[in-house]
Amino acid sequence: MTSTDAPAAIAPAPPVLAEVVRSGFTEGHHRGSLVLLAADGSVERTLGDPDAPVFPRSSNKPMQAAAILRAGLELSGERLALAAASHSGEPFHLELVAKMLAEHGLSAADLQTPPDLPLDPVAAEAYLAAGNVRERITMNCSGKHAAMLAVCVRNGWDTATYLDPAHPLQLLVGQVVAEAAGEPVAAVGTDGCGAPLMAIGLTGLARAFRSFVLAEPGSAERRVADAMRAHPEYVAGTRRPDTWLMTEVPGTLSKMGAEAVQAVALADGRALAFKIDDGSVRALGPVLARALELLGVDAPVISRIGRAPLLGGAVEVGEIRAKF
């Protein structure tokens, strides 16, 4: 650098969303960005930069499921909820994925998900104890992939390339994501399951969830929202915060994503989205609970979601707690 060169601007660090407190000592922080929308869709509160593009990861799944419906696949009930799921790999999840594939002349061998264990630790222990190994169908995105394959069969599209960003289905997914978010897709990457992943801002993500709960009855978007809310155990699992929230706060649409992304819309159009920068899901519950409180949600499930104790040996010695 010469004497005439100006120093490069340093972007400010994102604000602290949660702190890690052990034995009364703050040993760490989780930073990120967050947006809250009022019922009329206006921005009520922001932290950090919620307009900067992020990969919503599995929080994009409702839009992917809506694209599958728009492409002509007839899905409803538990099947549609599973198409928008990051399922826990419990037996009822795996059984329905297998049925969805068989109904369209497909099998688990057609899935291009990476082999994996059940997402839920309890289900994973039981799965391994039964002598099973990692399988493609067990991966938490297998319901989405089964639905993607099924719509390809329905339309005569190539099933071998269903994850190619240039595939007709994936092009339609991009359109649906942009429409729902009210902004163009900023980048296309590859998700952990191998599917194309569209980047949007957190404000756009919150708008997308709001648009789904307020969509016209019978539309693809409303059908997805209704199926997820009616069958939340298929969207997540029996021991997951998304399930608890959609079960205990009627009309709520909730979907987390990897790397600590979360989006929620309430029945009246209030909505939120956030991402914890370091991707730590351990802070997701406390941040989600606090954001819901700020939106005016008052329900016993909030404290259940927000509880994140820290242990010292087998004794609780601290917690992860929201800091906003």
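Residues are listed down the side, and each one gets a yes or a no for (1) over 23 Å from LEU171 (Cβ atoms); (2) under 22 Å from the mean Cα position of the chain (by Cα); (3) modelled with pLDDT under 95; (4) outside any loop (DSSP other than H, G, I, E, B):
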{"position": "LYS61", "(1), (2), (3), (4)": "no, yes, no, yes"}
{"position": "LEU69", "(1), (2), (3), (4)": "no, yes, no, yes"}
{"position": "GLU74", "(1), (2), (3), (4)": "no, no, no, no"}
{"position": "ARG79", "(1), (2), (3), (4)": "yes, yes, no, yes"}
{"position": "GLY89", "(1), (2), (3), (4)": "yes, yes, no, no"}
{"position": "LEU101", "(1), (2), (3), (4)": "yes, no, no, yes"}
{"position": "LEU106", "(1), (2), (3), (4)": "no, no, no, no"}
{"position": "ALA109", "(1), (2), (3), (4)": "yes, no, no, yes"}
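Scanning the range 261-279 turns up no residue that is hydrophobic (A, V, I, L, M, F, W, C), open to solvent by 50 Å² or more (accessible area, probe 1.4 Å), modelled with pLDDT under 95 and in a loop (DSSP other than H, G, I, E, B).
Here GLY143 meets the list (1) surrounded by fewer than 22 Cβ atoms within 10 Å (Cβ to Cβ); (2) within 20 Å of the chain's Cα centre (by Cα) almost entirely, failing just condition (1). So, TYR162, is that one in contact with a Pro (Cβ under 7 Å, 6 or more places away or on another chain), open to solvent by less than 50 Å² (accessible area, probe 1.4 Å) and either among the aliphatic types (A, V, I, L, M) or at pLDDT 95 or above (or both) or not? No; evaluated as a whole, the condition is false for this residue.
The sole residue among ASP191, ASP158, ASP164 that is among the acidic types (Asp, Glu) and under 30 Å from LEU47 (Cα atoms) is ASP191. Taking residues in the range 13-42 that are free of Cβ contacts under 8 Å to residues at least 60 places away in the same chain and open to solvent by less than 50 Å² (accessible area, probe 1.4 Å), and partners anywhere that are part of a strand (DSSP E or B) and not polar (S, T, N, Q), the pairs with Cβ atoms closer than 7 Å and at least 6 places apart or on different chains are GLY28/VAL20.
I'd like the residue in the range 242-260 that is open to solvent by less than 20 Å² (accessible area, probe 1.4 Å) and in a helix (DSSP H, G or I) and, out of all such residues, is farthest from VAL35 (Cα to Cα). This residue is THR243.
Quick check, is VAL176 under 13 Å from ARG70 (Cβ atoms) and in contact with a Gly (Cβ under 7 Å, 6 or more places away or on another chain)? Criteria not met by VAL176.
The values are calculated or read from the model by the stated rules, or taken from the named source; none is laboratory data. Fair warning: this is a prediction, and the values are worked out from it, not measured in the lab. Backbone-built Cβ (ideal geometry, glycine too); neighbour counts: all protein chains shown. For accessibility, only protein heavy atoms count, side chains too; no ligands or nucleic acids. Shrake-Rupley method; radii C 1.70, N 1.55, O 1.52, S 1.80 Å.
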